[in-house]
Structures are given as structure tokens and as C-alpha cells.
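A short write-up of the structure that comes next.
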Amino acid sequence: MEKPLKILIIDDEDIVLKSCLKIFSKRNDMEIDTALSGMEGLEKTKNQKYEIVITDLKMPGLSGMDVLKTLRQEKPDTTVIIFTGYATVDTAREALKNGAFDYIPKPFTPSELRDVVDNAIQARRSKSNSKMMDLMAIVSHELKSPVAVMHTTADTLYKGYFGNLAPRQQHTIKTIIRNCEYLEDIIRNYIDYSRMELDDLKSFQKRIDLVADVIQPVLEVPELAQNDKNISIDTDFTVRPEVYGDENLLKIVVNNYINNAIKYGLPDTSIRARVYRKDDSYTFSVYNEGIGIPENDMNRLFEKFSRLKQTGTEGVKGSGLGLYICRMIIEKHKGKVWAESAYEKWATFYFSLPIVNP
């Protein structure tokens, strides 16, 4: 559960403060303090961190505009909303020019107050998420190269290019490789996640060939086509589907499906990748023989940070973000994802996308 937001309401009319407290009395996502003057309100902001401050514009002594200007200088992360009984274009423009998020004319209804405050809360969360996505992308990109070098070096040692290793040495190097793969999985997923959250929706209006522009380039990636498990990839593309979408985001989904099929598949078997038309959509599916998925875990597959713990996956690590990212990408493309499985036998993962109208 998220920590409640701290909100301060400043107004020289006690009845207004009591009305506000009553309007928000059933909200568990906020804690509200009040002040009867601009001076009292600023004193409270010095001793307490408030995410949102709502202040009357016209008060004896220190005005709401003075409170706004002071907070812009001293507490720039605070969102300020103005109450005013003098809601002229000039006062509203001046308040907004000085950094107010919005203004509420007096007298106001409960829904008017709630709507403005909820908009402010949402704006704060969106800004916070954007900063977090930027940070995740930067950190992930910085980690990507050194982890890749470590993985390559360990792989070279394991394959004996610098001399044969004793069994215990091989076991240790194999552990290093597994942990590098785990870190690479996390890095790749966080980079994908940041791209997905910040992607421009206009890119989804591009008309693409799902096989030629998305699936085939992924299948030609050497790490997938020439994997250590000697798993081959058979294809059955009975249609040449045209869809609207972002080919780079859709490649993330295809790569994740194929990579998982290899990761959880049995050595020396085949993966089957299909594309076919069903009703008003094109469907892409990936089948593999392997450990499968227990029936009671199926509904958790595409949830955020969901990691299934079952026999046969003890040495396989992951971020728990991969399939969640796939679901979010496909849903942004107005499609859907799902899976079918027979536990300890096979699993098939699907996604479908709407057909482009002629």
C-alpha cells in the first residue's frame, strides 16, 4: 500500500476548512492538515513535508499568492492549488504563471474539489514514474556492457579456450554464467520496461509486416538460432499478416516468447513458431516440449514480478517482468496474450493482433 499523501489546506474561514475535511474524510490515501492563515501555513511547511498545498488567494496578512511564490522558491516539489472567490481570468492567469497547478473558484462543490486534487495526485505520480523510468533505463544501459563482457569471458573459460578445467572449476564457471544470464535478463527487461512506459503512441499507427519486420529478424539472432540446448526452431507462417504497430516493441514480445521456449524447453527438441489468421486477428504462437506450467499457476503468468517456482526451474533465474512487459505491449496494440500447457509435457504461448482493414 502506498504511503498517504500529506496535504495542507490554508484558509482564513474555519467553515471552509471543516468542509474540506468532511469531503475527504473517507479517503485513506491522504492525510490532511489545516491552517487559518498564510503565515501559519508556511510555518507548517517548514516543519512538515507536504506533497500538495491548497491555499486561499485572498487572506489577511500573507496572501495566497505570497504563499505560492514562497513555496515555488523554497519547496519547488510541492504542488500548489489556489482557492479564490475572485476567479477572474487575470487572477487565474497570474496564479498559474507563478507555478500554481490549478485553481478552484469559490463556492465549490465537493466533486469540483475532489477532481482538482485527484488530477494533482495523478500528475505527481506520472512525473514520479517518468523519473523512475529514466533512472531505470540509465542504470540498465550502464550495466549492460560490463555484464556482457563478464558473460563472454566466463563462457570462453567454460568452453576450454584457455585450457581444460577440472570438474569443480567448470561447475564454478557455470554458476557465474547463470548469474550473468540472470543479470542480463533483468537489464534487458528494465530497458524494455522503460521504453514501453515512455513510448510515443503515434508509433503504433505504422503499418508493418508481422513476419518480415518482426518475427524473422528475431529468429535470425545467433543466440537463439544457435542455442546451447541444440533446440531447433521450426516455422509455419501460412499468412503474411499486416498489422499496425511498433516493430521494435513487438520484437521484444517475440524474443521473450522464443527465449523462454528455449530456456524451459528440453534439449535436442524443436520449438514450433506459427502465424495464422483466426476471425478478425492474426495469431502468433510458440510451442515447446518441456516442464510446462501447473494449471493453478496459469493465471499468474503475465502478472508483474510473477516468478513461478516449480520442479525443473530451480536453476533458472529471471526478473519476473518479461511476460508482464509482453502483455502490456500487446495490449497497447489492442491485442491479447494467453498460454496453454500440459504440466511436465509442453507449453504454448500466444498473442493476437487486429487485422489491418483494407
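The values are calculated or read from the model by the stated rules, or taken from the named source; none is laboratory data. In this text, all values refer to a predicted model and were calculated from it rather than measured experimentally. Don't worry about glycine lacking a Cβ; one is built from the backbone with ideal geometry, like all the others, and counts go over all protein chains shown.
Below, the figures for the structure above:
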item	result
Subset of the stretch 222-252 (residues that are touching a strand residue (DSSP E or B) at 6+ places or on another chain (Cβ under 8 Å) and of a type in the set (Val, Ile, Thr))	ILE231, ILE233, THR235, THR238, VAL239, VAL243
Matching residues, the stretch 37-61, being assigned to a helix (DSSP H, G or I), exposed (fewer than 14 other Cβ atoms within 10 Å of the Cβ) and of a type in the set (D, E, K, R)	GLU43, LYS46
Check on ALA87, over 22 Å from ILE7 (Cα atoms), in a loop (DSSP other than H, G, I, E, B) and at pLDDT below 80	yes
Tabulated pairs, the stretch 8-26, first farther than 13 Å from ARG114 by Cα, second in a loop (DSSP other than H, G, I, E, B) and not hydrophobic (A, V, I, L, M, F, W, C), C-beta under 7 angstrom, 6+ apart or interchain	LEU8/TYR50; ASP12/SER37; ASP12/PRO60; LEU17/ASP11
Matching residues in the stretch 223-240 - criterion: being at pLDDT 90 or above and either part of a strand (DSSP E or B) or surrounded by 18 or more Cβ atoms within 10 Å (Cβ to Cβ) (or both)	ILE231, SER232, ILE233, ASP234, THR235, ASP236, PHE237
So LEU8, is it of a type outside the set (Val, Ile, Thr) and surrounded by 15 or more Cβ atoms within 10 Å (Cβ to Cβ)	yes
Filtered residues of the stretch 4-24 (kept if of a type outside the set (D, E, K, R), under 20 Å from TYR103 (Cα atoms) and part of a loop (DSSP other than H, G, I, E, B))	PHE24
Residues satisfying the stated conditions in the stretch 25-44, i.e. under 17 Å from PHE101 (Cβ atoms) and either among the basic types (Lys, Arg) or out of contact with any helix residue (DSSP H, G or I) (no Cβ under 7 Å at 6 or more places or on another chain) (or both)	MET30
Number of positions in the stretch 199-222 that are at pLDDT 90 or above, assigned to a strand (DSSP E or B) and within 26 Å of the chain's Cα centre (by Cα)	1
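Conditions tested, residue by residue: (1) at pLDDT below 80; (2) more than 19 Å from LYS6 (Cβ to Cβ); (3) among the basic types (Lys, Arg).
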{"position": "PHE101", "(1), (2), (3)": "no, no, no"}
{"position": "THR109", "(1), (2), (3)": "no, yes, no"}
{"position": "SER128", "(1), (2), (3)": "yes, no, no"}
{"position": "HIS141", "(1), (2), (3)": "yes, yes, no"}
{"position": "VAL149", "(1), (2), (3)": "no, yes, no"}
